[in-house]
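The structure appears right after this line, and notes come after that.
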Amino acid sequence: VDSTVPSGGGGGEGSTAVRKTFAHVPSLIGAMEAEEVGVEHLLRDINDPTVSTVANLVKAKLSGLSTLTEKLVEMKDYLTAVSEGRMKANSDIIANMQAIVNLLPNLNVEELVRSMLVKNNDMHMVIYLSALIRCVIALHDLVLNKIAYNDEEGDGFGEVKDKKKDSGEEKKEEESGNDKKKNGKGADAKNKST
């Protein structure tokens, strides 16, 4: 909203300044049920790149390896064509190829192979231990849940039996009281008749 406010300066002609203020306009956006379902389907397909799953990591590694294979085959075809004389040799391309080959690890060195195997075993051991710890924690939570449930509901043996015993004793007392009343009435009837 634009509003004019008299300026306090000494301009003499009553200069005014324009001041902009924010006015809240209440609004409501509605949608039909079919539109809401469509939006939910679209939102479900949105991928969050910050969250990585194992499947996404494996796909990324597979695509990287396939791209590396394609590029190595392309380099081999180029070198074959140059050696056969079908293409002219380019020194920049050959220098780049030499740098790429020098950066590739030499897997024929026994020490490198052993260190890679040790690192791989260490990583798998950590994964195995974390899965084992998660399993133990889940079992522990299950036991605690069962204990808490038994405390709330009774274990089905101790407290419930006591209640049954109490109700059984009350029933016996009531029955014996009824028998005494019956016997008393019968005795009163005999006394009256005699």
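Every number in this text was worked out from the coordinates using simple rules, so none of it is lab data. As the structure is a computational prediction, the values presented were derived from the model and not from experiment. Because the Cβ atoms are built from the backbone with ideal geometry, glycine has one as well, and the counts that use them run over all protein chains shown.
Approximating the spin labels as points 7 Å out from Cα along Cα→Cβ, the ALA81-to-ILE100 distance works out to 1.3 nm.
The H on the amide N of MET87, modeled in the peptide plane, is under 5 Å from the matching H of VAL82, each at least 5 residues off or on a different chain. Length gained on full extension, ALA23 to SER91, computed as 0.36 nm times the residue gap minus the Cα-Cα distance: 17.7 nm. Each part reduced to its alpha carbon centroid, the stretch 13-44 and the stretch 120-148 end up 48 Å apart. The simple spin-label model puts a point 7 Å past each Cα toward its Cβ; for LEU42 and ILE127 those points are separated by 3.8 nm.
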